[in-house]
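Okay, structure first, notes after.
Please treat every number below as a calculation from the coordinates, not as lab data. These figures come from a predicted structure and were not determined experimentally. We place every Cβ from the backbone using ideal geometry, glycine too, and count neighbours over all the protein chains shown.
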């Protein structure tokens, strides 16, 4: 769970015993890149608090190391501990260029499939169910499409492509589909299904090439009744992997079987996607999930509070729902903070208590659009990762993407120039110059130019801003 929090001392203590346990699990290189500089890990009030400098590091740790942190904490403390990831831009001063570049290199290495191959999640416990999905105006169409996929009859569309910003329930929906599939039989046999991320598919494909196990890889995927791929935008700029996925897609589709995918961006806004893949994606149902509206946020809070055994008055839930708007993760983060307050005070949480406890949190997260959303969309469009935007690399593509992200951050968030610079590892003058350059390009009707593995590309600056900015216009 990710929340924003009040500033902490950048020189505050790390829990060395907990870090030692974590290093045993993930190794010294990953500890050095993600947990030594600009990140603080400590046991607080019965939970593990991981304070990080920006949304990218928060999402990367949550996606790749959350279970490792929880296991290390349980070993260190002798009991299970909930993990809370808190975004604190005050910590960004500790991130040196060397660490930023190391993070970018590790992400790039993972994208090319050289990282540790993780087990396919089809073989792991699924965390979510469709029965627990809170349906509202922002996700009703996506939920209805998921039900159509899980119905006994033939689904009227293939593929289903779900997109939207981080933390709005895409993974919940995909895993819910798979949980139904795990109980479904077809022609007297269990349904053959598989849930993987784009990264896992890439890693498995690279490993198959290395070990000359292409036939086994193809057998594993092309005979499926249901293939579900989360974060499919990870395949951007990977020609060989996309070619293999295209063949896999064609085989599954030709046999009348189902494919479901999720991405942070619309398929046409993911840079370096094979045009043949894009045409197939948009031929099915492409549906967007927006941040939850007020009634949906209220219901999410009620269910989450019940699950946490947290008794909160209706006016407290209403206050949180009215002010925490961007994602389910933000709502969970707010509840975690109120849980800690209730445990410390030993009394009921009132509206006044909630206002005081969440004041700093709300000042940092006010508004529906976050810098993390903008970085994810921009990086996907240019065929990069958010880590590239935070690195010191100055290639034409990275520089163009960074410039666009900074401009969009000024247009669609309430962050100041210094705040944007701090979160992205740059000084405020770099942000000012980037915004001014974008304004100049747009005013003169000039192009943004960048390079791809297939050669140079360009697009009018105004069109880039309109394409990438459209999801953030409320």
### Task
With a 10 Å radius around each residue's Cβ, average the other Cβ atoms per peptide and rank 319-328, 218-227, highest first.
319-328, 218-227
### Query
Roughly speaking, what is the stretch gain from residue 127 to residue 279, that is 0.36 nm per residue apart minus the C-alpha to C-alpha distance, in nm to one decimal?
51.6 nm
### Message
For q values of 0.13, 0.18, 0.22 Å⁻¹, compute log₁₀ I(q)/I(0) with the Debye formula on a Cα-only model of region 371-472, without solvent.
### Response
-0.39, -0.78, -1.22
### Query
Considering only DSSP beta bridges whose two residues both sit in the chain, what percent are antiparallel, to the nearest 5?
35 percent
### Message
Highest mean first, how do 421-430, 78-87, 51-60, 332-341 rank when packing is the count of other Cβ atoms within 10 Å averaged over residues?
### Response
51-60, 332-341, 421-430, 78-87
### Query
Label-point separation (nm) for residue 352 and residue 209, each offset 7 Å from Cα along Cα-to-Cβ?
6.4 nm
### Summary
1/(1 + (r/R0)^6) with r = Cβ-Cβ of residue 268 and residue 137, R0 = 25 Å, i.e. FRET efficiency to nearest 0.05, evaluates to 0.55
### Message
Here are labelled values, (1) 22.1, 65; (2) 56.5, 166; (3) 31.2, 108, and one is the computed Rg and Dmax of the Cα atoms in Å for what I pasted. Which one?
### Response
(1)
### Message
At R0 = 51 Å, how high is the FRET efficiency between residue 446 and residue 63 if r is their beta carbon distance? Nearest 0.05 is fine.
### Response
0.90
### Query
Can you list the equivalent-ellipsoid semi-axes of region 121-288, largest first and in whole Å, using the square root of 5 times each Cα gyration tensor eigenvalue?
23, 19, 15
## Note on the structure
Among region 176-212, those whose backbone N falls under 18 Å of a label point 7 Å along Cα→Cβ from residue 247 are 201-212
### Query
For the chain, what does -39500 (n - 2.57) per DSSP helix run (n ≥ 4), summed and divided by total residues, give at 222 nm, in deg cm²/dmol to the nearest 500?
-16500 deg cm²/dmol
